Amino acid sequence: MIEIKNLEKTFYIKASFSNRKTVQAVRHVSFSIPSGGAISLIGESGCGKTTIGRMLCGMETPTSGSIIIDGQDLSTLKRKERNRLLQKIQLIHQDPYQALNPTHTIQQMLAATLKKMARQKKKGPEWVRQRMDELLRLVGLDPETILFKYPHMLSGGQRQRVIIARALTVEPDLLIADEVVSMIDVSLRLGILKLLRDLRENYNISILFITHDIASARYLGSNTELYVLYKGMIVEKGYTEQIIRQPHHPYTQALLSAMPILNGIEKPGKDRFVLTSQFKQSDTDPSGCLFADRCPFSQPSCSEKRPELVQDGDSYHACFFPEVRNVAAESV
Amino acid sequence: MTTTETAKTVKAFKPNIYQGHSFWRAAWRAITRKVSRVIGFLIIVMFTLMAIVGPYLYPKELPIDPNNIYAPLSWKYPLGTDFEGTSNLALIITGARYVLLAAALGALFTVIFGTVLGLIAGYFIGWSDSVIMRITDFFLTVPSFPLLVVLSTVWNFGHPLAMGFILGITSWGGMARAVRSQTLSLRERGFIEAARGLGLSPFYILFREILPNVSSYIGMNLLTSITGCIYAEVGLFFLGVVPFHVNNWGVMLNMAVFSAGAMSSPDALPYLLSPLLALLLLTLGIVLFLDAVDEIFNPRLREDI
């Protein structure tokens, strides 16, 4: 069980000697991932989804708020204890071409952490070998062909599987999948998504799925919660299927509208709209709704006060004028 | 044909077992890929053998031949003779050990200091980086050759280890800066972040994850600094600022120019040119061999499957 409360992150950028700019990357984000559960964070580039992932695995320090793993608040723990807990959260990088050391064979990569685990568990080298085979088979690779290869001999999909196998060596509770399929050949994407779902269903590993593509979030299995982020704020949350069917927030609708449709088999929803203005990272914080300047449905009152995340039936959304619009593709 | 018959004709798919390749075999393949590399390798091997067995081939006191002073090139004296009638070839061969050992040790010290300090500064950044880089700047700005001249007056350079240490300590600065800058870019790469996330120790990350990625650069530097060190020490001997304990190439140059008058009398020219030839040949060998180093250390270039 991993819980996040009021997480905030502000980046300071030194613009000049005396002047420094701030970028609010994450604003008051709270959620919890039960063990074996899955959450997807979605939003466009720069919305803070990767920053949340990096804070969770200890690569960034939150400006405020707390990360609670199994009831222990990370910020109150000593460094050694914190590192031990953080090992239970493993990040799978977006770019499988960067995340494997080009000078190591697959065997060396897996052995590095497995030897450490073997020492902790007081097991011999035989255990390391066995576990290596087991993990590679689990992620759908053939140990005999792959063990002594270097990363440059593998395809993007194989690399991503090796990265997942390496993350599994430390027996994590949570995998953070940060845009795992965006750099992989289209034909291999589903295989990776299915692997993540299998890990979740068979080994009770929770998944935090970070993506900009709602469609791939649907492959994670049932009762996946979807959090839509805009400028570091949660603007809508609910179960994935439900949000896709009944999006309330205009930003969620914009994301759904941007999904390509299969012409001839599907037709666009009748309320489909396309955002024309670009996402801007402004250093002045507007007092009103963050999305008001781009929202095609914004009213003058939107820029006066910022909407809170309120419950509405089964879902939560942060909008003063929520309205279900039919933007997802429908079959002909 | 029925389906069962077709199924029989299809071979069951069996993936090839891939066992990898050994580092030494790959290195050998990289060397033999081009003729120039083989020549470079042979020259280096020849000089190495010369340094190891050379002094045992001749008596401790090289024979002198008063009838053959400054003899021209002949079968008996392939490189002529010196002012005492000693064979120049014998002088080159027996003199190789000190020169090459000191140069190899000098290059080794340069690479070890430079690599370790560069890795630490680049990986840990912060105050350790500041401290190490200020020390590096200090060593970079101190002119090394005059310093060597000054040091040679107070230090006994009789043993190659002392010479190598001094050569190494004056020349690691550039190496440390280069390794640091490469480490700075590597530490932001995904696989280093992943290693940190997996809880691997900083020692492992530095020497097992980052070091292999800069190893081809280090290997090339090791070879080029061998030539640099040879020039520096031969220069010291040539200038005569270091006492002559043993016969070596630098001493030969010094004697040829300052005692034998090789600059004015053509008779003594073989005495001057033979150590120069040895230096030239060794440099050539190293330059030709350098080409193979990148291929040896970089697995992406070792395409042999």
### Message
Condition first: of a type outside the set (Lys, Arg), more than 8 Å from every other protein chain (Cβ to nearest Cβ) and not in a helix (DSSP H, G or I). Now tell me which residues in the range A:76-88 satisfy that.
### Response
A:LEU77
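Each row is one residue, and each column tells you yes or no for (1) crowded, with 16+ Cβ neighbours inside 10 Å; (2) part of a helix (DSSP H, G or I); (3) within 14 Å of the chain's Cα centre (by Cα).
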residue: B:ALA268; (1), (2), (3): yes, yes, no
residue: B:TYR271; (1), (2), (3): yes, yes, no
residue: B:SER274; (1), (2), (3): yes, yes, no
residue: B:LEU279; (1), (2), (3): yes, yes, yes
residue: B:THR283; (1), (2), (3): yes, yes, yes
residue: B:VAL287; (1), (2), (3): no, yes, yes
residue: B:ASP291; (1), (2), (3): yes, yes, yes
residue: B:GLU295; (1), (2), (3): yes, yes, no
residue: B:ARG300; (1), (2), (3): no, no, no
### Task
Give A:VAL324, A:VAL274, A:VAL310 a once-over and let me know the one that is within 24 Å of the chain's Cα centre (by Cα) and assigned by TED's automatic domain parsing to the domain that holds A:GLN24.
A:VAL310
## Note on the structure
Among strands (runs of 3 or more DSSP E) entirely within the range A:1-65, at least 3 residues that are over 21 Å from A:TYR219 (Cβ atoms) and without any contact (Cβ under 8 Å) to a residue 12 or more places away in the chain occur in A:2-14
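Would you confirm, using the coordinates I've provided, whether B:TRP75 is out of contact with any helix residue (DSSP H, G or I) (no Cβ under 7 Å at 6 or more places or on another chain), among the aromatic types (Phe, Trp, Tyr) and modelled with pLDDT under 80?
yes
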### Task
Go through A:PRO286, A:PRO296 for me and flag whichever is more than 15 Å from A:VAL235 (Cα to Cα) and open to solvent by 60 Å² or more (accessible area, probe 1.4 Å).
A:PRO296
### Filtered residues of the range B:124-159 (kept if part of a helix (DSSP H, G or I) and polar (S, T, N, Q))
B:SER128, B:SER130, B:THR136, B:THR141, B:SER144, B:SER152, B:THR153
### Query
Regarding A:ALA25, is this residue more than 14 Å from every other protein chain (Cβ to nearest Cβ), open to solvent by 40 Å² or more (accessible area, probe 1.4 Å) and aliphatic (A, V, I, L, M)?
no
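Given the criterion outside any loop (DSSP other than H, G, I, E, B), open to solvent by less than 10 Å² (accessible area, probe 1.4 Å), within 29 Å of B:ASN254 (Cα to Cα) and at pLDDT 85 or above, identify the matching residue among B:ALA102, B:ALA90, B:ALA121. Step through it out loud before you land on a result.
Details: B:ALA90 fails: at pLDDT 85 or above; B:ALA121 fails: within 29 Å of B:ASN254 (Cα to Cα).
Testing whether each residue is outside any loop (DSSP other than H, G, I, E, B), open to solvent by less than 10 Å² (accessible area, probe 1.4 Å), within 29 Å of B:ASN254 (Cα to Cα) and at pLDDT 85 or above leaves just B:ALA102.
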### Query
How many of the residues making up the range B:153-171 are open to solvent by 10 Å² or more (accessible area, probe 1.4 Å) and either hydrophobic (A, V, I, L, M, F, W, C) or within 21 Å of A:ARG54 (Cβ to Cβ) (or both)?
6
### Query
Hey, among A:ILE92, A:ILE69, which residue is within 16 Å of the chain's Cα centre (by Cα), among the aliphatic types (A, V, I, L, M) and either closer than 29 Å to A:LEU193 by Cβ or within 14 Å of chain B (Cβ to nearest Cβ) (or both)?
A:ILE92
### Task
State whether one or more residues within the range A:50-60 are surrounded by fewer than 18 Cβ atoms within 10 Å (Cβ to Cβ) and touching a Lys or Arg at 6+ places or on another chain (Cβ under 6 Å).
yes
### Query
Can we say B:ASP82 is within 28 Å of B:ILE218 (Cα to Cα) and more than 23 Å from the chain's Cα centre (by Cα)?
no
### Task
Report whether or not A:GLU179 is more than 8 Å from chain B (Cβ to nearest Cβ), open to solvent by 10 Å² or more (accessible area, probe 1.4 Å) and either touching a residue at least 40 places away in the same chain (Cβ under 8 Å) or among the acidic types (Asp, Glu) (or both).
yes
### Query
Since A:ALA258 meets every condition but one in (1) among the small types (Gly, Ala, Ser); (2) within 30 Å of A:PHE11 (Cβ to Cβ); (3) open to solvent by less than 50 Å² (accessible area, probe 1.4 Å), which condition does it not meet?
(3)
### Query
Assuming A:PRO250 fulfils every condition listed in (1) modelled with pLDDT under 85; (2) open to solvent by less than 70 Å² (accessible area, probe 1.4 Å); (3) not basic (Lys, Arg) apart from one, which condition is it?
(1)
### Message
Checking B:LEU184 against (1) within 8 Å of chain A (Cβ to nearest Cβ); (2) surrounded by fewer than 22 Cβ atoms within 10 Å (Cβ to Cβ): exactly one of these is not met. Which one?
### Response
(1)
### Task
Look through the range B:201-214, keep the residues that are within 8 Å of chain A (Cβ to nearest Cβ) and open to solvent by 20 Å² or more (accessible area, probe 1.4 Å), and return whichever of them is farthest from B:ILE296 (Cα to Cα).
B:TYR204
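The values are calculated or read from the model by the stated rules, or taken from the named source; none is laboratory data. The model shown is predicted, which means the values in this text are computed figures rather than measured ones. Glycine also receives a Cβ, built like all others from the backbone with ideal geometry; neighbour counts cover every protein chain displayed. The accessibility values were calculated without ligands, DNA or RNA, using every heavy atom of the protein model including side chains. Shrake-Rupley method; radii C 1.70, N 1.55, O 1.52, S 1.80 Å.
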